[in-house]
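Peer 1: Provided herewith is a single structure, encoded as structure tokens, for subsequent inquiry.
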Amino acid sequence: MHTVPYPIWHDSKILDASHRPSVLVRMSGWEACQPGHSFGPFIRNYYLLHYVVKGKGVFTVDGKNYFISAGDGFLIHPYVSSYYKADDQAPWEYYWVGWEGPCSHEVLQNIHFTADDAVVHCENIRQVTDLFQRIFSCYEKGQNPYELLGYFYLLLSHFMYSIERENPVVAHAVEYIRSHYEQDITVEDVAAALSVSRSHLYRLFQTYLRQSPKQYLMNLRLNKAIGLLESSSLPVGDVAAACGFSDAAHFSHLFKQKTGRTPLQHRKKSVGKFSI
């Protein structure tokens, strides 16, 4: 494994000046921490994923402590205060990657980082480490945006729960929702399309995705809306309609519940965010 004796990180400048990127990988790095080394509390305006390859520590967010060891990844959401500290006896060594952009929420849709569980375990330490190192290499070779994003998505794929392998009903339900979210569909429609009962579908989603079908549909619609607000000048009502919300006022209420901001406040906060 490639290591260096000090923390490393890079800021990506891969933007096309005429477009906002759907996902911007803005930094990546590695660090072997000293015993008891801590960071935070701190609030960022982007997503930051850490992956521990050796040692252990504690990650604290929303008043909850997560005890982390090798093979665990922990995710820090934007505008959320977090704190983490290396163990005094076996301090951790980890990689990290940070990203933002209109689709930054959506890339997490099929990964099990939730409001109630900010940690995902991944046994493929060697493969994940290799992908982090390939991301570093992209910078060294001139910051090729396609290669960089390719490795980034491959990295995230290791944290995805293989619902296709574990339960085909859930996989087909997810596919149906993602293909019809902009329409006026309900959980009953999804269950009917798969010829299963709503209660059975609910139990499967809770088992394999740790959320209800209704939550999955709502989160997908809201994540799509966030992307449209950040990447277009469409009126809020049109954004709501394009993402499957028939009532703009109800959409605004749900949006504020999820983000802490109204749709217009969110758009204003993101204006110019990705310009060079």
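To keep it simple, each residue is scored yes or no on (1) touching a Pro at 6+ places or on another chain (Cβ under 8 Å); (2) open to solvent by less than 20 Å² (accessible area, probe 1.4 Å); (3) under 16 Å from SER157 (Cα atoms); (4) part of a strand (DSSP E or B).
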site	(1), (2), (3), (4)
ARG44	yes, yes, no, no
GLY73	no, yes, yes, yes
VAL80	no, no, no, no
TYR94	no, yes, no, yes
GLU123	no, no, yes, no
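Peer 1: Something else: Is it true that PHE132 is in a helix (DSSP H, G or I), at pLDDT 85 or above and within 26 Å of ILE177 (Cα to Cα)?
Peer 2: Values: in a helix (DSSP H, G or I): yes; at pLDDT 85 or above: yes; within 26 Å of ILE177 (Cα to Cα): no.
Taking the combined requirement at face value, the residue does not satisfy it.
Peer 1: Looking at ALA191, ALA225 in this structure, which one is open to solvent by less than 40 Å² (accessible area, probe 1.4 Å), modelled with pLDDT of 95 or more and on the phi < 0 side of the Ramachandran plot?
Peer 2: Among ALA191, ALA225, only ALA191 is open to solvent by less than 40 Å² (accessible area, probe 1.4 Å), modelled with pLDDT of 95 or more and on the phi < 0 side of the Ramachandran plot.
Peer 1: From ILE185, ILE177, which residue is of a type in the set (Val, Ile, Thr), within 20 Å of LEU108 (Cα to Cα) and in contact (Cβ under 8 Å) with a residue 24 or more places away in the chain?
Peer 2: Checking each option against the conditions leaves just ILE177.
Peer 1: Continuing with the same structure: Could you say which residue among THR186, THR207 is open to solvent by 20 Å² or more (accessible area, probe 1.4 Å) and within 30 Å of HIS266 (Cα to Cα)? Can you show your working first?
Peer 2: Details: THR207 fails: within 30 Å of HIS266 (Cα to Cα).
The unique qualifying residue is THR186.
Peer 1: For the subset of region 249-276 comprising residues that are hydrophobic (A, V, I, L, M, F, W, C), open to solvent by less than 40 Å² (accessible area, probe 1.4 Å) and under 26 Å from SER179 (Cα atoms), which member is modelled with the highest pLDDT?
Peer 2: Once the filter is applied, the top-ranked residue is PHE251.
The values are calculated or read from the model by the stated rules, or taken from the named source; none is laboratory data. Source: prediction; values computed, not measured. When we count neighbours, we look across all protein chains shown, and the Cβ atoms used for this are built from the backbone with ideal geometry, even at glycine. With ligands, DNA and RNA removed, areas are computed over all heavy atoms of the protein, side chains included. Shrake-Rupley method; radii C 1.70, N 1.55, O 1.52, S 1.80 Å.
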